[in-house]
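Down below is the structure, laid out as C-alpha cells.
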Amino acid sequence: MSITPLMPVYPRCDVRPVRGEGCYLIGERGERYLDFAAGIAVNALGHGHPTFTKAVQDQVATLMHVSNLYGSPQGEALAQRIVDNSFADTVFFTNSGAEAVECAIKTARRYHYVNGNPQRTKIITFTNAFHGRTMGAISATNQAKMRDGFEPLLPGFDYAPFNDLDAALALVDDQTAGFMVETVQGEGGMTAGTPEFIRGLRQACDAHGMLLILDEIQCGYGRTGKMWAYEHYGITPDIMTAAKGIGNGFPLGACLATEAAAKGMVFGTHGSTYGGNPLAMAAGMAVLDVMTQPGFLDHVTRMGERLRAAFEQMIPNHDHLFDEIRGKGLMLGIKLKEPAVARDFVAHLRDNHGLLTVAAGENVFRVLPPLVIEERHIAECVEKLSAGARSYAPPADD
Ligand SMILES: *Cc1c(COP(=O)(O)O)cnc(C)c1O
C-alpha cells in the first residue's frame, strides 16, 4: 500500500508545527518561523492569546456541546454581538467557511421561492473566485483545478470576469437570484473589488430584486482594518459569509442575513449538529471581545499601512522580482514577475528565511499576519523578505 493514512490531498511541506507563540510557530525540531500566514488568515489573535485561551479552556470545562434542539444562551449572545456589529439581522453558525457558503446559497434560493419566484435560482459568481470545497462551493467557481472530475456539479451558476460590471450585468435574466462575490478576492490573487464594481452590483440588485451575497470569509472580521470589507465601499450586502478569523482557529463560520433576505429560512429548512455549539460560541465571543476593544481596528489599519509602505520601499530594490502590491489592510499580496513562481518563492522564504507566507493565484504571494502584530514583526518580515529576495533564484526553464 502506498497511500498515506492521511488522505494525500495536500502537498504538505516540511514545516511541522507543534507549538505557537504569538506571531511565531515552532516546528518539531525546535525551529522558529515568523507566521505571516496565520493559518491562511485564521489566527487573527495569533497563537496562544491569553483571553482566547482562557475562554476556550473555561468553556471546555463547563459545557462543550449540546444539540441545537435546546435553547442556546451562548449562540444568542454571539449572534446578537455580530448583529450589533454588522448589517445583519440574523446569523446561522456553521463549522467552516464552505458550510457558510452553502447556507448563503440556500438562503438566496429560498428567498425567491417564498416570494413567489421559484424560477430565480441562478447565482452569478466570478472568475478566480474561491468559495470552498463542498459541491455547492466548487460549483460556484469556474476554476478547473477545483472542479475537474467532480461533475455533475450543482446547476445554477453563471460566471463573469471579476471586476467587470458590464459582463456581470449582461448575464442577468429572469432566472437570476443574485450575485455572490468576494469583496476582496483572497485565493484568486488578492484583488480588491473596485468601488464601481461592488457598488454597481449593489445597485443592480436593488433595481432587479436580486440579492447581493458577499463572501467575506477571508477579507472580513477585521482583516482589512474594518470589521467588514464592505464598509470600505459604503454599501451593505443582503447575505454574507464569515469564517476564518471569526474563530481564531476554532472551526467556526457564519452566514449573516438581513431579515428580508432570510425570509425563507424558517423552522426545519436548515441545520447543523455542531454548528454554534457552546464551545464554538465561547471561542467566537473571545475573538469579538478582543476585536471590539477600542483601537483594535485602528491598530490593524496602522499596521497595514506600515507593512504596505515597507513593501513599497522594498520593491524598487528588487524590481526584477516584485511587480505590484495588492489587497487592503493586513490582507496583502505581492505579485511576482516571471520567471519567479509564487509557490516556489513562498517555499524559499519558508525554508531558508523562516518566514511563512501563502501562495495565491496570478503569481501572487499572500502576506496575512495575525492582526495583533507589532512594528517589530513588520521589521522582521521586511528583513527576511529582502534577504529572501536577494538569495532567490527562480526555477530554471526547461
Ligand atoms: C477559505 C475560504 C472559503 C472556504 O472556507 P473553509 O473553512 O475552508 O470551508 C470560502 N471562501 C473564501 C473567500 C475563503 O477564503
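The values are calculated or read from the model by the stated rules, or taken from the named source; none is laboratory data. This structure is a prediction, so every number in the text was calculated from the model and none was measured. Cβ coordinates were reconstructed from backbone atoms using ideal geometry, including for glycine residues, and neighbour counts include every protein chain displayed. In case anyone asks, the SASA skips ligands and DNA or RNA and just uses the protein heavy atoms, side chains included. Shrake-Rupley method; radii C 1.70, N 1.55, O 1.52, S 1.80 Å.
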Can you list, largest first and rounded to whole Å, the semi-axes you get for region 246-384 by taking the square root of 5 times each eigenvalue of its Cα gyration tensor?
-> 36, 19, 15
LEU45's amide H: which non-local residues (gap 5+, or another chain) put their own amide H closer than 5 Å, with H modeled 1.01 Å from N in plane and none for Pro or chain starts?
-> LEU371
What whole number of Å gives the distance from the Cα centroid of region 382-397 to the Cα centroid of region 34-62?
-> 31
By per-residue mean of other Cβ atoms within 10 Å, what is the highest-first order of 314-321, 43-50?
-> 43-50, 314-321
Viscosity 0.890 mPa s, temperature 25 °C: Stokes-Einstein D of region 153-228 from its Kirkwood Cα radius, in µm² per second?
-> 187
Residues whose modelled amide H sits under 5 Å from the amide H of ARG223, counting only those 5 or more places away in sequence or on another chain, are none
So what is the relative contact order for the chain, in percent, with contacts set as C-alpha pairs under 8 Å and at least six apart?
-> 22
VAL83 accessible area, nearest 10 Å², 1.4 Å probe?
-> 30
Rg/Rg_ref, region 303-368, where Rg_ref = 2.2 N^0.38 Å and atoms are Cα = 1.02
Isotropically averaged projected area of the chain, using the convex hull of Cα atoms (one quarter of hull area), nm² = 21.4
Determine the sum of side-chain charges near ASP14: Lys and Arg each +1, Asp and Glu each -1, restricted to other residues whose C-beta is under 9 angstrom from that of ASP14.
-> +2
Under the Karplus relation with 6.51, -1.76 and 1.60 and θ = phi - 60°, whole-Hz ³J(HN,Hα) for region 243-260, x at Gly and Pro, equal 5, 6, x, 4, x, 6, x, 6, x, 8, x, 8, 10, 9, 8, 6, 4, 4
Note the per residue figure in Å³ for the convex hull of the C-alpha positions in region 329-398.
-> 86
Simple SL model, points at 7 angstrom along Cα→Cβ for VAL60 and ALA309; separation in nm is 4.1
Return the percentage of antiparallel bridges among DSSP beta bridges fully within region 169-319, rounded to the nearest 5 %.
-> 35
Let a ≥ b ≥ c be the square roots of the eigenvalues of the Cα gyration tensor of region 206-285; is it rounded (a/c under 1.5), or, if not, prolate (a/b larger than b/c) or oblate?
-> oblate
Rounded to the nearest 10 degrees, the helix 342-353 long axis (Cα) sits at an angle to the longest Cα principal axis of the chain of 50
At ARG343 and ASN85, where each label point lies 7 Å from the Cα along Cα→Cβ, what is the point-to-point distance in nanometres?
-> 3.6
Between region 271-326 and region 159-203, the alpha-carbon center distance in angstrom | 23
Just the isolated ones, please: cysteines in the chain lacking another cysteine beta carbon under 4.7 angstrom.
-> CYS13, CYS23, CYS205, CYS219, CYS381
0 to 90° range, to nearest 10: angle between helix 97-114 axis and the chain longest Cα axis | 20
Tell me which residues come under 5 Å, amide H to amide H, from ASP323 once H is placed; ignore anything under 5 positions away on its chain.
-> LYS335, LEU336, LYS337
Under the Karplus curve 6.51 cos²θ - 1.76 cosθ + 1.60, θ = phi - 60°, whole-Hz ³J(HN,Hα) for region 46-56, x wherever Gly or Pro sits | x, 9, x, 4, x, 4, 5, 4, 5, 4, 5
Under the definition of Cα pairs under 8 Å and six or more residues apart, what whole-number percent is the relative contact order of region 35-151?
-> 13
Around THR224 (Cβ within 10 Å, Cβ-to-Cβ, excluding THR224; K/R +1, D/E -1) the net charge comes to +1
Hey, rough spin-label estimate for ASN115 and GLU362, points 7 angstrom out along Cα→Cβ, what's it come to in nanometres?
-> 3.1
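Go ahead and estimate [θ] at 222 nm for the chain from helices alone: -39,500 (n - 2.57) per DSSP H run with n ≥ 4, summed, over the residue count, rounded to 500.
-10500 deg cm²/dmol, from helical runs alone.
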